[in-house]
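Inspection log for the structure reproduced underneath, given as structure tokens.
Each value in this text was obtained by applying a stated rule to the coordinates, not by laboratory testing. Everything numeric in this text was worked out from a predicted model, so none of it was measured. Glycine also receives a Cβ, built like all others from the backbone with ideal geometry; neighbour counts cover every protein chain displayed.
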Amino acid sequence: MESKPRQAPFELPFTDWKPEYLYSLGELSPFFREIVDNQRLLASRCPGCGKVWMPPRGDCPDCYETTEWVPISGEGRVVSCTYCYFPGANVDLIAHIGLPYVFAVIELDGADTYMFHAVKPPSQKMNEVRSGTRVKPVFREKRTGTIGDFYFVPAD
Amino acid sequence: MRKVAVVGIGTAPWQMRNSAQSFRAMAMEVVKGALAHAGLGKGDIDNVVYSIYCEVMMKQQNPTILLQDYLGFQGLPDVRIEAGAATEGYALDAAYAQVASGQSDITLVLALQKGNDFYDFETRSRGDGLRSGFAVSMDTTWFRPVMPGVPALITAACLVPHIERYGGPTIGQLARASVKNYENAFNNPEAQLHMKVTEDDVLNSRIIAWPTTTRMCCLYSDAACAMIFASEEKAREITDRPVWITGTATSTHAFQRATADNIGRMLGTRIAAQRAYAMAGIRRPRDELDLVQVHDLITGAEVMAYEELGLCELGEGGRLVDEGVVFRDGALPVNTDGGRIACGHVGGVSGAYAACEIVRQLREEAGDRQIRVRTGRGLMQCIEGHASMTAVTIFERG
Ligand SMILES: [Zn+2]
């Protein structure tokens, strides 16, 4: 390392602290276990008001009732989307599907709330995916228990 | 409740990276500046509110006790506020409440954040380090695995449906709003970027997340600034130019329960603004304010803020740009310091700096970028990423 004048700021590489976690998904465990084991999506339904929450929640924020798991097909409709051209550092899913990818607001069939997720445009061209496009999930070979275990593609 | 005034501000130049000062020295510089501006000594402060967004970025948990010690405030009460990129506005709200309630007579608000010490040794990139580190700011269960830590993308989830629903802003209007902020920064010696940027430059810069290009995105910075709040009695002793806080409010927007009713909206901003206006007795904000400082995380967020703040109807924000209303010489200048796009941004500080800019303008201390003061009122709005949290503060000179 070249020597620097005394008054130049001294910069310390600080690499001995890399937080790693064994993170519990708690009440959401059935949702992620279903993805890993069976490549299927579950939603959560409130027995009080009947709303189907996606992303799922263990408790209904409106009624404070404990929700129940219900299967959904995973197919849905793009409500709105943007094409992203920027690489995400250490976002494994984006490395897998490539750029540009579509970051979309998706209305899944049977759900009352929208979900934000990634859509892979078939030939990475603009406007292949747009508002109204029907989409379906594709589950990845390697699944670890995150929502990055799947992504969406146009359904037809 | 007692009236509360800003009696002093301390700012420093925005830098991408300040390696010449530790966060402690950055704090000292702006605290000294604010005390000097107010004509006060350290011993006059009886309470400290810290606006510090992210400890992980600073490589230091519990930074406030280190700062209390470094600044010689041992024995004084302090509290730290954290609310993402809206931290500053929430901190101003808390400081206001402590002085208004009588709990404190003179409160120091210290806004501080080192944002660019992250480093990725594998790719030898500061940006990669930042984006990995920043990622835990997002919902780590439902967002982090499907998107990179890029503000343009987070806010695009609001901007694109907004454009689809209300027909605006157009890409040209977004580019012109960016150019406005670059021009304003040119007259702010403390701005991080002094750069001539044309509409074509904005449109031809790299697309980050359509329709947002690089030159429609905020900078990232190491920054600090300080403000001193005083009760009415103290304020009148300290200065003959107090700037009163006449309205303050925070609000949140449902983030994960996106539905047709709220998609493409910044409802937290709408609600916070309505509350702050009611508190300040403002009915027609566009006519009753002299300047507005909004959170231009991306230009789209700035233009949507015009609408949610009630400066115009939904979908009409772009017209305020086309008609020149929001330019420095227009009827209602916005982001006269250059905003986050050209002056600088880091969570915890940029909104406080925006508040300092309002104080400076209302006291007519803004030098080459001084606006014409008519009503003596200014508004600061800051948001967290997707506008899920908003703070609005209204200032009025005495
Ligand atoms: Zn319910």
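The charge dipole of the range A:26-154, taken about its Cα centre with unit charges on the Cβ atoms of Lys, Arg (+1), Asp and Glu (-1) only, comes to about 520 debye. Temperature 37 °C, viscosity 0.692 mPa s: under these conditions the Stokes-Einstein estimate for the range B:120-162, based on its Kirkwood radius over C-alpha pairs, is 291 µm² per second.
In a fully extended conformation the segment linking A:Asp92 and A:Leu12 would gain 25.9 nm over its present Cα-Cα distance, using 0.36 nm per residue.
Computed about its Cα centre, the charge dipole of chain B is approximately 60 debye, with only Lys, Arg, Asp and Glu carrying charge at their Cβ. Each pair of Cα atoms in the range B:323-368 enters the Kirkwood radius, and Stokes-Einstein at 4 °C and 1.567 mPa s then converts it into a translational diffusion coefficient of 115 µm²/s. Quick one: if you take sqrt(5λ) for each eigenvalue of the C-alpha gyration tensor of the range B:84-181, what semi-axes come out, biggest first, whole angstrom? In descending order the semi-axes read 31, 24, 15 Å. With both labels modelled 7 Å from their Cα along Cα-to-Cβ, the A:Ser3 to B:Val136 distance reads 3.9 nm. Projecting the Cα atoms of A:Pro55, A:Pro121, A:Phe139 onto the charge dipole of the range A:41-143 (Cβ charges, centred on the Cα centre) puts A:Pro121 farthest toward the positive pole.
Centre-to-centre separation between the Cα atoms of the range B:321-378 and those of the range B:131-204: 18 Å. Most fluctuating residue of A:Lys120, A:Lys18, A:Lys142 in a GNM of chain A with Cα springs under 10 Å: which is it? Evaluated over chain A, the most mobile residue of the options is A:Lys18. The tail of the calculated P(r) for the range B:1-40 beyond 16 Å holds 45 percent of all Cα-Cα pairs. Among the trypsin sites (Lys or Arg not before Pro) found in the range B:356-398, those both in a DSSP coil and sparsely packed, with 16 or fewer other Cβ atoms within 10 Å of their Cβ, are B:Arg372, B:Arg374.
Considering all C-alpha pairs of the range A:12-55, those separated by over 13 Å amount to 69%. For chain A, a Gaussian network of Cα nodes joined below 10 Å ranks A:Leu22, A:Leu93, A:Leu12 by mean-square fluctuation, and the top entry is A:Leu12.
Given +1 at the Cβ of Lys and Arg, -1 at the Cβ of Asp and Glu and no other charges, the dipole of the protein assembly as shown around its Cα centre is 460 debye to the nearest 20. A simple spin-label model places the labels of B:Ala97 and B:Ala20 3.9 nm from each other, with each point 7 Å out along Cα-to-Cβ.
Measuring nothing but alpha carbons in the range B:1-142 and taking Rh as the Kirkwood radius, the Rg to Rh ratio lands at 1.01.
Average 1/r across all pairs of distinct alpha carbons in the range B:202-339, invert it, and you get the Kirkwood radius: 17.3 Å. DSSP finds beta bridges in chain B, and of those with both partners inside it, around 75 percent are antiparallel.
A compact globular protein would have a Cα radius of gyration near 2.2 N^0.38 Å; the ratio found for chain B is 0.91. Of the residues A:Tyr151, B:Leu320, B:Asn116, the one whose Cα sits farthest towards the positive end of the charge dipole of the protein assembly as shown is B:Leu320 (charges of +1 on Lys and Arg Cβ, -1 on Asp and Glu Cβ, taken about the Cα centre). Its residue count N sets the reference 2.2 N^0.38 Å, and the alpha-carbon radius of gyration of chain A equals 1.35 times that reference. Projected label points at B:Ile65 and B:Asp240, each 7 Å from Cα along the beta carbon direction, are separated by 4.6 nanometres.
Across chain A, Cα pairs under 8 Å and at least six residues apart give a relative contact order of 20 percent.
Ratio of Rg to Rh for the protein assembly as shown, alpha carbon only, Kirkwood? Value, to two decimals: 0.97.
Remark: the range B:112-123, residue by residue, has Karplus-estimated 3J(HN,Hα) of 8, 6, 8, x, 10, 8, 4, 8, 9, 6, 6, 9 Hz, where x stands for each Gly or Pro and the curve is 6.51 cos²θ - 1.76 cosθ + 1.60 at θ = phi - 60°. Calculated on the Cα set of the range B:350-398, radius of gyration then Dmax: 12.0, 35 Å.
A viscosity of 1.306 mPa s and a temperature of 10 °C, combined with the Kirkwood radius over Cα pairs in Stokes-Einstein, give a translational diffusion coefficient for the range B:132-226 of 105 µm²/s. Separation of the range B:240-271 and the range B:288-302, taken as the distance between their Cα centroids, equals 13 angstrom.
The calculated 222 nm mean residue ellipticity attributable to helices in the protein assembly as shown amounts to -8500 deg cm²/dmol, summing -39500 (n - 2.57) over DSSP H runs of n ≥ 4 and dividing by all residues.
Just checking the listed ones, A:Phe116, A:Phe14, A:Phe32: in the Gaussian network model of chain A with Cα springs under 10 Å, the one fluctuating most is A:Phe14.
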